[in-house]
Amino acid sequence: MINNPFTSKIYELTWLKHFSRHKEGVAFNYVDGLKFYKHSFLPYFINVGRNSTNGITYALDHDARDFKNKTLLIYDVPSYFKIEPPIEGSPIELYEIQQYKGYLADFEGVENLESYLLKELNTKSRNKFRSALRKFEACFDVEYNIYKDFISKEDYSNVMKDFKDIITRRFETLKLDTNLITEWPFYTELIYNMILDEKAILVSIKANGKPVSMSLAFLGSVSLVGAIKAFDSDFYKFNVGHIEISKLIEFCLQNNLRYFDFSKGTYKYKDRWTNSEYNYNCHILYDSSSFTSRMTAKLLACFFNFKQYLRDKNFNLFLVKLKFKLKHLIVCPSNKRQFELKSINNLDGIDNLLQVNIEEECIKYPFLNRIIYDGLFKKPEPFKNLKVYKLGDSEPTYYVVGKASSYAIEII
């Protein structure tokens, strides 16, 4: 990646401020383009950004002489980026250890989104995507926003609050633990400055003024790198996550970017939208003439090989699920209510019932939103056409009345 956003001054200083006791990174002439910090008590250096980045690139200066007795650990180097290896006869050697799989969309020969859909998605996937998009835009007042070079402080604060809320709800739905929320002060400071420096974009999709899908991506000179994405599970049927991906691809093509890097992690949606796979590798550079450097590098290599072994056994997925459960042990479980859906054959007397605001009712029964949105997906019509009536209090029945369909939701 040319002009790597993860090695920029903004990223470097912001990351050090939030995650390191060091105020400045250490530079080595031998490794061009990267800054490092010293491990607290072990004899090696780690790249600034550690494993928080979405792809590190660098170059080696074989004429430099400042690498004596050094051991450098570099996280997340994409395999599609080829560095010139240490020259033969040099004491500097390299361990290269596979860690994660990454996915890439290459736009060579692609003019627009439609041509990419025809090239990469099969007929069933294309039809499913187009149908979901039509229904989504028919049912809701949809707003697409891409913040790419300027955003006011007030708007930014609101957008980041929405983003955090969507991420929180999404991971709670998945019952997975995430570090994103505890690290949110870092992202809040970083993203604003990166947007102003044209090194990051925020994408937001709203339905009736409500954020339903959001993502963060970083900009290189030839690529866009996806970093964080989340969507509102209530809108699952409408494939809002896929709609958001299409907007990111459109952005790439409109801005003459060759690649959209979906970054690390294996998910079904990446298989559908990408046309290339690669590996994220951990690089360990060391001075083979130094016993300390040599042994440190070997131990690090063993450690990262073991981590990959556990990852291959899905131990990391087990761990994030366990951490989520442990964090929620002290939280009183919510009383899940059951419900039944019933068709309405006769609307006589419906106007005599209490008409309610569905958003207010969803505070007590959060699952109502999903039921109503799923109903809209089956029989599309504008959300504003729907009227919701309520019968009873402790175990109410809701009557959802529209022009395309009407049904009752009975809480039991």
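The values are calculated or read from the model by the stated rules, or taken from the named source; none is laboratory data. Worth saying up front: this structure is predicted, and the values here are computed from it rather than measured. Heads up, the Cβs are rebuilt from the backbone with ideal geometry, glycines too, and the neighbour counts pull from every protein chain shown.
Worth pointing out:
- Residue within the range 14-34 that is at positive phi and either touching a residue at least 24 places away in the same chain (Cβ under 8 Å) or among the hydrophobic types (A, V, I, L, M, F, W, C) (or both) present: yes
- Being in a helix (DSSP H, G or I), more than 18 Å from Y103 (Cα to Cα), of a type in the set (A, V, I, L, M) and within 15 Å of the chain's Cα centre (by Cα) holds for only one residue in I205, I191, I201, and it is I191.
- Residue within the range 71-93 that is outside the structural domain of K35 (by TED's automatic domain parsing), touching a residue at least 40 places away in the same chain (Cβ under 8 Å), in a strand (DSSP E or B) and not hydrophobic (A, V, I, L, M, F, W, C) present: no
- Qualifying residue in the range 247-266 (condition: touching a residue at least 40 places away in the same chain (Cβ under 8 Å), in a strand (DSSP E or B) and among the basic types (K, R)): yes
- Filtered by the rule that a residue be of a type in the set (A, V, I, L, M) and surrounded by fewer than 13 Cβ atoms within 10 Å (Cβ to Cβ), the range 96-150 gives a lone residue, L118.
- Residue match in the range 23-33 (condition: assigned to a helix (DSSP H, G or I), of a type outside the set (S, T, N, Q) and more than 18 Å from K70 (Cβ to Cβ)): no
- Of the helices (runs of 4 or more DSSP H) lying entirely inside the range 297-404, the ones with 1 or more residues being closer than 26 Å to A132 by Cα and at pLDDT below 90 are found at 358-364, 367-378.
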